[in-house]
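The values are calculated or read from the model by the stated rules, or taken from the named source; none is laboratory data. This is a predicted model, so every value here is computed, not measured. Every residue, glycine among them, receives a Cβ derived from its backbone with ideal geometry; neighbour counts consider all protein chains shown. Calculation scope for accessible area: heavy atoms of the full protein, side chains included, ligands and nucleic acids excluded. Shrake-Rupley method; radii C 1.70, N 1.55, O 1.52, S 1.80 Å.
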Amino acid sequence: SDAPPKVSEFSRNIPRPLVRLIDQTLEKDPDRRPFNLNELRDGLLPFSTRGAITADPGRRVAAFFLDSILMGFVVAPVVVGFSSPILMLLLSMLKINLGQQTAGMIIVFPLVLLYYAVCEARWGRTLGKWLFGMRVVDKQGATPSFPQALLRAILIPGTTMAVSQAANLIFVDLSDVRTMNEVITFVFASQAIGLVGWIPMVLLLSTARRENGYRGVHGLLSGTRV
């Protein structure tokens, strides 16, 4: 009839998801325990040294591009389309003169960071990582905390986005785009100039080695791996 002790009372080094799983197995109500051994095994697998291997670079790149397409061509245009006019109105009321391109960047940048940070802190993976069978874990094999996931997102893709957008703001003027030919020229010019955004990513990934699990600076500083 007594409540079982919390495993965290005996050790503080046990990952929080593992603590919750152990507590679940000790529930008095059978309906609140794992349904069967397969379900229990799935819950334990992320903490097994045999159950998880380092994700190869190819799948990571594929997942990154999939997430970039999702955010860049699906979510961001919709959000900016609804939010940009409202932001421009607020800025004009505050007598802050910013172009539409800058206003769009102000909206998209935190949106992308939150997508990566929230998904990896909540589920350990973004949509791209989920589709390619990968997850982000901390040193204990648990889902990373929100600060860890946010730091990862700020470094990659945050720095790439910041440099690309800054280059576009400096060298590409959206106000001159009126005709279809000018739109096409603007798209090609912005994409070409945006390539400079890959410079910080290359630098951040320069530490990636097979022996360290292909961990870039964002993984080393945040204490995470894929």
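Name every residue in the range 113-128 that is surrounded by fewer than 20 Cβ atoms within 10 Å (Cβ to Cβ) and not basic (Lys, Arg), in order of residue number.
Of everything in the range 113-128, those that are surrounded by fewer than 20 Cβ atoms within 10 Å (Cβ to Cβ) and not basic (Lys, Arg) turn out to be 113, 114, 115, 118, 121, 123, 127.
Considering only the range 15-39, state which residues are in contact (Cβ under 8 Å) with a residue 40 or more places away in the chain and open to solvent by less than 60 Å² (accessible area, probe 1.4 Å).
15, 17, 18
Right, residue 133: part of a loop (DSSP other than H, G, I, E, B) and in contact with a strand residue (DSSP E or B) (Cβ under 8 Å, 6 or more places away or on another chain) or not?
No.
Has the range 196-213 got any residue that is modelled with pLDDT of 80 or more, over 17 Å from residue 108 (Cα atoms), open to solvent by less than 20 Å² (accessible area, probe 1.4 Å) and not small (Gly, Ala, Ser)?
yes
Residues of the range 129-139 being surrounded by 15 or more Cβ atoms within 10 Å (Cβ to Cβ) and in contact (Cβ under 8 Å) with a residue 60 or more places away in the chain, which ones?
Matches in the range 129-139: 129, 132, 134, 135, 136, 137, 138.
Of the residues 42, 56, which is modelled with pLDDT under 85, surrounded by fewer than 16 Cβ atoms within 10 Å (Cβ to Cβ), under 30 Å from residue 156 (Cα atoms) and charged (D, E, K, R)?
Exactly one residue qualifies, and that residue is 42.
Could you check, for the range 76-88, whether at least one of its residues is among the polar types (S, T, N, Q) and either at pLDDT 85 or above or under 29 Å from the mean Cα position of the chain (by Cα) (or both)?
Taking every residue of the range 76-88 in turn, at least one turns out to be among the polar types (S, T, N, Q) and either at pLDDT 85 or above or under 29 Å from the mean Cα position of the chain (by Cα) (or both).
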